[in-house]
1. If you take the residues of segment 256-296 that are touching an Asp or Glu at 6+ places or on another chain (Cβ under 7 Å) and not in a loop (DSSP other than H, G, I, E, B), which of them is nearest to TYR344 (Cα to Cα)?
2. Any residue in segment 252-275 that is surrounded by 15 or more Cβ atoms within 10 Å (Cβ to Cβ) and small (Gly, Ala, Ser)?
3. Hey, can you tell me all the residues within segment 49-91 that are of a type in the set (Val, Ile, Thr) and within 16 Å of the ligand (Cβ to nearest atom)?
4. Among the residues of segment 95-137, write down those that are away from the ligand (no atom under 16 Å from the Cβ), among the small types (Gly, Ala, Ser) and crowded, with 17+ Cβ neighbours inside 10 Å.
5. Any residue at all in segment 78-85 that is surrounded by 12 or more Cβ atoms within 10 Å (Cβ to Cβ) and in contact with a Pro (Cβ under 8 Å, 6 or more places away or on another chain)?
6. What number of residues within segment 179-226 satisfy the criterion of being within 12 Å of the ligand (Cβ to nearest atom), part of a loop (DSSP other than H, G, I, E, B), crowded, with 21+ Cβ neighbours inside 10 Å and not aliphatic (A, V, I, L, M)?
7. Just to be sure, is VAL231 free of Cβ contacts under 8 Å to residues at least 60 places away in the same chain and either in contact with a His (Cβ under 9 Å, 6 or more places away or on another chain) or not charged (D, E, K, R) (or both)?
8. From the list ASP99, ASP128, ASP137, exactly one residue is touching a His at 6+ places or on another chain (Cβ under 8 Å) and not basic (Lys, Arg). Which is it?
Amino acid sequence: MFDLQKITRKNIWELKPYSSARDEYTGKSAVFLDANENPYETGFNRYPDPQQRELKEKLGQLKGIAAENIFLGNGSDEPIDLLFRVFCEPATDNVVIPDPTYGMYEVCARINNIKIKNVSLTTDYQLDVKRVLEAADNHTKLIFMCSPNNPTSNRLDASDLKEVIRGFSSGIVVLDEAYIDFSNQESLVAELDRYPNLVVLQTFSKAWGLAGIRLGMAFASKEIVKLLTKVKYPYNINIMTQQKALEALDRVDDKEKWVSNILEQRNWLEAELKKQQQVETILPSDTNFLMVKVKEPKGLYAFLVDRQIIVRDRSKVHLCMGFLRITIGTEEENKRLMEAMEAYRSKSISN
Ligand SMILES: Cc1ncc(COP(=O)(O)O)c(C=O)c1O
């Protein structure tokens, strides 16, 4: 049923990718006179491994999948952009994007001149499976789903995710799991074998505490990984990023400790915020942030900025009217936020 060649852009399917020096000779100790590098040692005078073999091996062991099912990019944003470039014919094809969700899917679609079919989430922030599948036509190449979802912070129903993946065999379903470490939801990485049209995205930017190194992961069939690899810049993951990620994979305990602290703080902050008369609703969160509906989003936002506490104003976003998005900070940072909330309340009373 699923025909990868049929949905891939012809020029990409036929593309002979650039073959770098390090693609052609992969051995270790040798006199390297093949890449026009500077021979003097700086720690960085050599090009990085274009295939990131060591990193993919180690990551594969952690995730329980083969290295050939892993694509690594400059943040998740790179595989998002590459998916458009591999599958979507500019000015002809379209993609289905639930609304609201992470903004980069739409921006990448626009950059690549791909039409967008937005399908609203339901009023309880779930996928409207029927409308998502009905929105797909002969020119739909990608359907995006983000679970747990940004900005609504909830996870999407697992059976709905699978229904969309099964129901859309004429294209690729991209499931963004950037926040999966903060959720009890099972990752679909374990089920990749069952779904040849599935691409799962994860990132080192959230639970791993490494937003600064820019490292995103796409997990998919080896055929899809090959297509993404053909199109990427030859040395897209630099040596420093590969080294930092390898170090992080040796310290999974740190990540788990951060996640558990963040979840504890999320509970604390939610309970404290609920006591504030300013707060109307807090959405159930499966992420490292809270979506908080407040009576005066503009006023509160500006008041917090004045105190150098920066949250994200999402109050004009579809289905999120009046909401501020608040990332969970350290215990001290969260206390500072609550002190500022108290100060805002006192100011409102005295006015
Ligand atoms: C849903 C989602 N996906 C991806 C990203 C970005 O990840 P990266 O830093 O790996 O590009 C974000 C960042 O906020 C996000 O919310």
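1. Result: VAL294.
2. Scanning segment 252-275 turns up no residue that is surrounded by 15 or more Cβ atoms within 10 Å (Cβ to Cβ) and small (Gly, Ala, Ser).
3. ILE70, ILE80
4. Matches in segment 95-137: ALA135, ALA136.
5. Scanning segment 78-85, I find no residue that is surrounded by 12 or more Cβ atoms within 10 Å (Cβ to Cβ) and in contact with a Pro (Cβ under 8 Å, 6 or more places away or on another chain), so the answer is no.
6. So the count comes out to 4.
7. Here the answer is no, as VAL231 does not meet what is asked.
8. Of the residues listed, the single one that is touching a His at 6+ places or on another chain (Cβ under 8 Å) and not basic (Lys, Arg) is ASP99.
Any read-out appearing in this document is the output of simple, stated calculations on the displayed coordinates, not a laboratory observation. All values derive from a computational prediction rather than experimental measurement. Glycine also receives a Cβ, built like all others from the backbone with ideal geometry; neighbour counts cover every protein chain displayed.
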